[in-house]
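Take a look at the structure below.
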Amino acid sequence: MKLQQLRYIWEVAHHDLNVSVTAQSLFTSQPGISKQIRLLEDELGVEIFSRSGKHLSRVTPAGKIIIEKAGEILHKVASIKQVAQEYSNEKQGSLAVATTHTQARYALPRVIGGFIDHYPDVSLHMHQGSPLQIAEMAADGVVDFAIATEGLELFGDLVMMPCYTWNRCIVVPRDHPLAALGQLTLEDVAQHPIVTYVFGFTGRSKLDEAFMHRGLAPKVVFTATDADVIKTYVRLGLGIGIIAQMAHDPVEDSDLVALDASHLFESSTTMIGCRRGTFLRGYMYDFIELFAPHLNRKMVDAAFERNNRAELDALFKDVVLPVL
């Protein structure tokens, strides 16, 4: 059994069983990958992939477990390399982060700028996606950190630590009737067509829960994953926008009025995390602390020592999170 063979089965499984695409991504040949997979199957005495003619059709039950174990081994190998790099050149390396558009556009620029100033020789890679995609990228080791608000139940294999809380605002054109009201009610909001996030993005569940609790059926006419897109369609008159408060820029969005909605919806908490067992390099600790100053090295190490979500919640129970 060779490490290369384990990498091949892992990569094929994560390229939709497309050996040709896998070969391109690994800069090797398709026949070479197919041969090594066959050799591994012969050695183990089980099929990892079922086949339909010359094509792989699905992962077998045994293959699913083998690929999972291969992923764990590859992750440990990557950690060994991280250890070596930390001691050979502590300020050089790479860092990959997966998050949503809102975090990447509004919460992270200041952090990224400060990080680059401190670590100019660390290459940064930003990946955007849905909570499910973010969780998969972090769990598979494609990225080092996941930053998310929604779908935290998807992150069971990751150590997720709270960073800050945030709430929403209603954005409307300056001449909109809601702009003339005082404190808004959910009933006021529900009377107008709504443009907001796709379900599962950026605290959308808190919004839906609030309306449901009051027995209201909001008319959501348009959804998007991008707050900038939402604001564009508000400007076109499609409806009122419900976005994260951080996504309203008083200068760039001076044609829109941001109406406080923090009393209408429960606050959301943004989390950062990575795979349990990951070796965190010095600059990775610093990135976390830049993003969430209360998450110093001591607190992060304590989080990694916890075994489950309940223990993590207990660790952070008395921590006062900043409001963004």
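Data overview
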item: Whole-percent pair-distance distribution, where bins are 10 Å wide, for the alpha carbons of the range 179-324; result: 9, 32, 27, 21, 11, 0
item: Selection from VAL172, GLY151, THR232 lying farthest towards where the dipole of the range 131-263 points positive, charges on Cβ; result: VAL172
item: Only Lys, Arg (+1) and Asp, Glu (-1) charged, at Cβ; the range 1-156 dipole about Cα centre in debye; result: 400
item: Expected 222 nm ellipticity per residue - DSSP helices of 4 or more, -39500 (n - 2.57), all of the chain, to 500; result: -12000 deg cm²/dmol
item: Overall dimensions of the range 97-232 by Cα: Rg and Dmax, Å; result: 17.5, 54
item: q = 0.15, 0.23 Å⁻¹, the range 220-301: log10 I(q)/I(0) [Debye, one scatterer per Cα]; result: -0.74, -1.07
item: By accessible area with a 1.4 Å probe, ligands and nucleic acids excluded, highest first: order of LEU154, LEU17; result: LEU154, LEU17
item: Reachable aspartates and glutamates, given that their alpha-carbon falls under 13 Å from the alpha-carbon of LYS231 and they are not under 8 places away in the same chain; result: ASP249, GLU252, ASP253, ASP255
item: Net charge over other residues, Cβ less than 12 angstrom from the Cβ of PRO31 (K, R count +1; D, E count -1); result: +3
item: For the chain, the fraction of alpha-carbon pairs in successive 10 Å shells from zero, as %; result: 5, 22, 26, 22, 16, 7, 1, 0
item: Accessible area in square angstrom per residue, the range 1-93, 1.4 angstrom probe; result: 63
item: Within the chain: Cβ-based charge dipole about Cα centre, in debye rounded to nearest 20 (Lys, Arg +1; Asp, Glu -1); result: 760
item: Kyte-Doolittle mean at least -1.0 and Cα axial length at least 27 Å: DSSP H helices in the chain; result: 61-88
item: The chain: antiparallel DSSP beta bridges as a percent of all, rounded to 5; result: 60
item: Protection proxy ranking, peptides 294-307, 218-231, average beta carbon neighbours within 10 Å, highest first; result: 218-231, 294-307
item: Charge dipole (debye, nearest 20) of the range 142-216; +1 at Cβ of Lys and Arg, -1 at Cβ of Asp and Glu; result: 240
item: Links that overshoot a 27 Å alpha carbon limit, given the list LYS206/LYS317; LYS76/LYS298; LYS69/LYS91; LYS35/LYS69; result: LYS69/LYS91
item: Charge-dipole axis of the chain as Lys and Arg at +1 and Asp and Glu at -1 on Cβ define it, positive-most pick from MET212, GLY241, SER20; result: SER20
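The values are calculated or read from the model by the stated rules, or taken from the named source; none is laboratory data. Please read all numbers here as calculations on a predicted model, not as lab measurements. Positions of Cβ are backbone-derived with ideal geometry, glycine not excepted, and every protein chain shown enters the neighbour counts. SASA here: full protein model, heavy atoms, side chains in, ligands and nucleic acids out. Shrake-Rupley method; radii C 1.70, N 1.55, O 1.52, S 1.80 Å.
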